[in-house]
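One structure below.
Bear in mind that the values in this text are calculations on the coordinates, not laboratory data. Since this is a predicted model, take the numbers as computed values, not measurements. Here the Cβ positions follow ideal geometry from the backbone for every residue, glycine too, while neighbour counts run over all protein chains shown.
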Amino acid sequence: MHVFVTGATGWVGSAVVKELLAAGHSVSGLTTSPAGAEKLRTMGIKPYVGKLRQHDVLRRAAAEADGVIHTAFIHGLSHMSLYMRGRLLVGAISSGIYASYMRVAGETEATAIGALGSALEKSGRPLIVASGILNLPQGQVATEQDDHVESPRPTESAAFKFLDRGVRVAAVRLSPTVHGDGDHGFVARIIQAARKKGVSPYIGEGANRWTTVHRLDAAKLFQLALERGATGAKYHAVAESGVSFREIACLIASRLKVPAVSISADKAAAHFGILARPVGMDNPASSTWTRQTLGWMPEREGLLADMSAHYLNAVA
């Protein structure tokens with residue numbers, strides 16, 4: 001199968017690409033830079049240089065593929081049009097920077113998925129989109145049958161519009177912590193903040209839970225969803241169903257030799273910045289159905305062991 005992967009040089013997408021190649025598929029990939037394109041060429045991958053707002057590039061690449069895996073995410077303003085950037089700033093005034101960013105980024109991503117889906121209409125070809133565990137019902141172990149609360153997840157709602165248009169759509173919901181050596185995401189930024197400010201805080205009792213998955217295990221799930229996934233399915237990339245944030249904060253404190261302290265929710269933004277909201281969320285989730293349905297079995301080390309081995313290995 002020839003597969004087009006968006007975000008092909010990104011944290012998750014680059015691992016997905018390697019998993020697909022190892023499984024015998026051919027791959028083309030979206031990257032945002034000439035350097036990224038050269039990296040893909042050296043792997044035998046046809047590069048497309050563009051951003052999610054360049055829908056003509058997305059449609060052309062998707063039309064040439066037997067299936068599409070969408071892992072790209074808006075990590076900065078450069079992926080947004082000037083109009084969207086303006087909406088981000090206006091929205092931040094009324095709802096805060098995190099909520100405004102996620103809303104505007106979601107809209108940009110949704111229109112990109114619309115372009116990908118339009119190229120696959122009436123073909124029966126698969127479109128596998130990366131979604132997330134965050135914003136599933138809090139305080140309970142969410143399952144694959146649960147829907148996001150507050151508002152529909154933009155990636156899922158945009159993709160599932162093509163279910164009745166002849167596209168085999170499925171979603172892979174990623175844990176908020178997709179960890180591994182070289183990660184620059186949530187955990188790396190939390191460690192950086194603790195090192196800079198000399199304290200490793202948790203909110204309240206720190207009992208709120210994060211799901212976790214290793215980057216390479218997540219990549220394997222995308223491959224399985226592409227090959228075996230059911231139309232309309234929502235798969236959970238969850239290896240650990242709930243690691244308490246206090247455990248994370250205390251490990252950081254121990255290795256950095258700084259105090260682990262409880263702070264109130266209203267003080268979280270001062271320390272964590274834009275990450276304050278996800279840091280305080282209690283989002284345990286199960287992947288039992290995913291494992292049973294696809295035969296997916298996470299094999300890599302858990303988050304705390306990975307943090308000790310890689311994230312904090314340079315700390316005395």
Using a cut-off of 19 Å between alpha-carbon atoms, which lysines can reach residue 197, once sequence neighbours fewer than 8 places away in the same chain are excluded? 257, 267
Taking the chain as a Gaussian network, where each spring joins two C-alpha atoms under 10 Å apart, which residue of 51, 267, 220 fluctuates the most? 267
Relative contact order (percent) for the chain, with alpha-carbon contacts under 8 angstrom and 6 or more residues of separation? 18
Highest-MSF residue in the chain out of 280, 139, 24 [GNM, Cα springs under 10 Å]: 24
Express the C-alpha Rg of the chain as a ratio against the empirical globular expectation 2.2 N^0.38 Å, rounded to two decimals. 0.98
Volume per residue of the C-alpha convex hull in region 180-262, rounded to whole Å³: 104
Along the three principal axes, how long is region 242-297 when you take its alpha carbons, biggest first, rounded to the nearest angstrom? 42, 25, 15
Ignoring everything except DSSP H segments at least 4 long, calculate the 222 nm mean residue ellipticity for the chain; use -39,500 (n - 2.57) per segment, divide by total residues, nearest 500. -12500 deg cm²/dmol
Could you state the number of Å between the C-alpha centres of region 125-167 and region 188-202? 32
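If you take the Cα Rg of region 273-316 and divide it by 2.2 N^0.38 Å, with N the number of residues, what do you get?
Region 273-316 yields a ratio of 1.64.
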Give me P(r) over region 136-178, computed from all C-alpha to C-alpha distances, binned every 10 Å, as integer percentages. 23, 52, 22, 3
Cα pair distances exceeding 21 angstrom across region 213-316, given as percent: 49
With springs only between Cα atoms under 10 Å apart, run a GNM on the chain and tell me which of 28, 286, 262 wobbles the most. 262
The chain: antiparallel bridges as % of DSSP beta bridges, rounded to 5, reads 10
If every Lys and Arg gets +1 and every Asp and Glu gets -1 at its Cβ, then about the Cα centre region 186-316 yields a dipole, in debye to the nearest 20, of 380
Would you mind working out the magnitude of the charge dipole of the chain relative to its Cα centre, with +1 at each Lys and Arg C-beta and -1 at each Asp and Glu C-beta, to the nearest 20 Debye? 720
